[in-house]
Amino acid sequence: MPKPFDFSLNQFLPNITQTLISFVIVGLCTMVVYVFFFKKMDTAKHQTIMRKRLVYIMLVLDVLIVTKIWVDGFSHIITVLSLMAAGLVVANKESVMNLIGGLIISWRDLFVEGDFIQIHDFSGYVASIGVMYFKLYETTSIEQKKATGRTIKIPNSFVITFCVVNFSPDSNLCLQKIYLDYKDDQFLKTQLEKPHQIIQEVINETYKDNVCYQTSYVKSHNRELSRLIHLKPTVSLHQFVDKELFLRILVQFYCFPKDHAEIVRQFWLRMN
């Protein structure tokens, strides 16, 4: 006759075996997915986000598997939780929307702490991201990006109802413009090639070691976008009549948002 301890061990041995096997399978699958997607992540920030996501997914799967193996009536528990969730949604819609917004921020890479964003009528640097709200350090404008000293607490649900513009990611190439206005006699003393030469030099110096600022890189990561973006700067001449006849030179170029201010500064220094 088996001892009570032996009887209990034999009874739970299949569950223990299934649990260990499930953990090993989930861990191996997580490692394969991590290795597969790791090479496609260009920045350390994206790699960290992906790593956290995989850990969360692995933990959730492990909890579900353990619950399924060890708890009888698992389907009844799911039914009860579903009914409770439906009641919470009806009773507290705003809180639920904020929770969903928080998940969207985290899982869709809308922004992270330190990014400069614009949402609705607000713009600023992301100070923190919580479960229900995120905080911004408000700025005077998108161009100047000077802090006003005010902190704005915005519900996460705003990301569901309003557009979010993120100016911070390294992968965002934005079109920038510089205007130079001349009277006719002033322009005669100025070569049209000069602004083109200067902006090209500044761009080359800024991105000489940046592999992301290449047509081949843009094409490999977003083929549709590569058809719309041309990294070579352009200079065009426009004529206006406003009391006095004058000419306007329009300089257009693509750059990453974080480099815009320095590129413009270098341009004007060399123009003068």
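The values are calculated or read from the model by the stated rules, or taken from the named source; none is laboratory data. Predicted, not measured: the structure shown is a model, and the values here were computed from it. For neighbour counting, all protein chains shown are included, and Cβ atoms are generated from backbone atoms with ideal geometry for every residue, glycine included.
The set of residues in segment 130-166 that are β-branched (Val, Ile, Thr), under 20 Å from Asn98 (Cα atoms) and in a strand (DSSP E or B) comprises Thr151, Ile152, Ile154, Val164, Val165. Looking at segment 111-120, can you tell me whether even one residue there is over 13 Å from the mean Cα position of the chain (by Cα) and either within 20 Å of Glu94 (Cβ to Cβ) or among the polar types (S, T, N, Q) (or both)? Within segment 111-120, one or more residues are over 13 Å from the mean Cα position of the chain (by Cα) and either within 20 Å of Glu94 (Cβ to Cβ) or among the polar types (S, T, N, Q) (or both).
Residue count for segment 146-193, restricted to those that are closer than 27 Å to Lys232 by Cβ, at pLDDT 80 or above, more than 18 Å from the chain's Cα centre (by Cα) and surrounded by 12 or more Cβ atoms within 10 Å (Cβ to Cβ): 4.
Where helices (runs of 4 or more DSSP H) sit wholly within segment 24-129, those with at least 3 residues that are farther than 28 Å from Lys153 by Cβ, of a type in the set (Val, Ile, Thr) and at pLDDT below 80 occupy 44-70, 74-91. The numbered conditions (1) over 24 Å from the mean Cα position of the chain (by Cα); (2) at pLDDT below 85; (3) of a type in the set (Ser, Thr, Tyr) are all true for Ser236 except (2).
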